[in-house]
Amino acid sequence: RARERAAAAAAAGAMLLAGTNRNVRLALVYSLAFSTARSLMGQSQLSAFILLRTGSTVLVGVGSGVLGLVTFMSALPVGVMIDAGVLRRQRLLRAAGVLGACSAVAFAAVLIVGGGLRNAEAGGDGKRVFGALCAALALWGLFTGVQSVSVETTFADSVPTGHRSLLYTYKSSLRTAGNSVGPLTSIPIFAALGGQWRTKDLTIVMLVGQAISLLPCAMLFMFRDSDTLGQESEALPTSAVVGGDSGAASSRQPPSITSTESEAMLQSAADHRALLAAERIESGARDGAGGDGRLQADEQRAVSQRRGRARRGGALLVG
């Protein structure tokens, strides 16, 4: 049964992906490619390279801080401008693709020119190499901040309502898989190079990551604003959102019943009870011997009138 459920879930996921638009499929593949490239250029290899070239643990922290700070400072204003409609995401994605390619080339140039392939040791021009490396990291951080906001908002606006949870699960799984591909790929590379963390070995691994990063950079040119879904991707229609004074009310709270609908419900219930009582009277009059025909006719008219009111009340309630 577990296998059958897994097969059914996989089939349902494949059908869902086949029915999604271009942006969704691109974002899923992009998550895998970008996380793979980033893991190959990851903090462990980069930190070891800085330490070997400068001999300073302080500069290792400075390098990581430059990357994180620039990413944050670029992502925040980009997100605000996208939300305000000042910038088009398609243009930002293409600009991010150019930034990513430039940062990959700059990063590779610093590694090669800075003696990465010569097993250069700490000292000498290590501080100069570190300064150039920080510039390349700042460019990479700018690319990371712009692309992350642009890709995430494009993906969110391209997912149809009702399928968001499953598609975001796929996206997160692919990102995690990409983060695992980097270390798994670096293992045979380090093993083939002698199993030591020298600047040459670290440089080769990071250059592989830079080469792979050109793939997601090219994919950023394929996203289109015309493939977003607009209101179709919203979690709830605007008319269904019910606000509260404290702001803590749930957006999924059902709409309240108006006074007109409440009166219709009460009238329908009263007419229904009257109808049941009239039917009992009619049944007793029919069964009783020597009943007056005129009385029976009046009762039948009363029953017909009550039935009519009950039907009208039910129709009003349904409407």
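Table for the structure above
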read-out	value
Selected residue [more than 27 Å from Asp83 (Cβ to Cβ) and touching a residue at least 40 places away in the same chain (Cβ under 8 Å)] from Leu166, Leu137, Leu174, Leu184	Leu137
Hey, Ala104 touching a residue at least 12 places away in the same chain (Cβ under 8 Å), in a helix (DSSP H, G or I) and within 27 Å of Met219 (Cβ to Cβ) or not	yes
Segment 75-114, residues that are more than 20 Å from Asp225 (Cα to Cα) and in contact with a Pro (Cβ under 9 Å, 6 or more places away or on another chain)	Gly100
Residue match in segment 50-61 (condition: of a type in the set (Gly, Ala, Ser), surrounded by fewer than 18 Cβ atoms within 10 Å (Cβ to Cβ) and in a helix (DSSP H, G or I))	yes
Candidates Ala96, Ala109, Ala84, filtered to the one that is crowded, with 20+ Cβ neighbours inside 10 Å and small (Gly, Ala, Ser)	Ala96
Which numbered condition Ser39 fails, given (1) more than 30 Å from Thr161 (Cα to Cα); (2) surrounded by fewer than 21 Cβ atoms within 10 Å (Cβ to Cβ); (3) not aliphatic (A, V, I, L, M)	(2)
Test: residue in segment 70-81 that is closer than 21 Å to Ala37 by Cβ and either free of Cβ contacts under 8 Å to residues at least 60 places away in the same chain or in contact with a strand residue (DSSP E or B) (Cβ under 7 Å, 6 or more places away or on another chain) (or both)	no
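None of the figures in this text is laboratory data; all of them are computed from the coordinates on show. Everything numeric in this text was worked out from a predicted model, so none of it was measured. In this analysis, Cβ positions are derived from the backbone assuming ideal geometry, glycine residues included, and neighbour counts consider all displayed protein chains.
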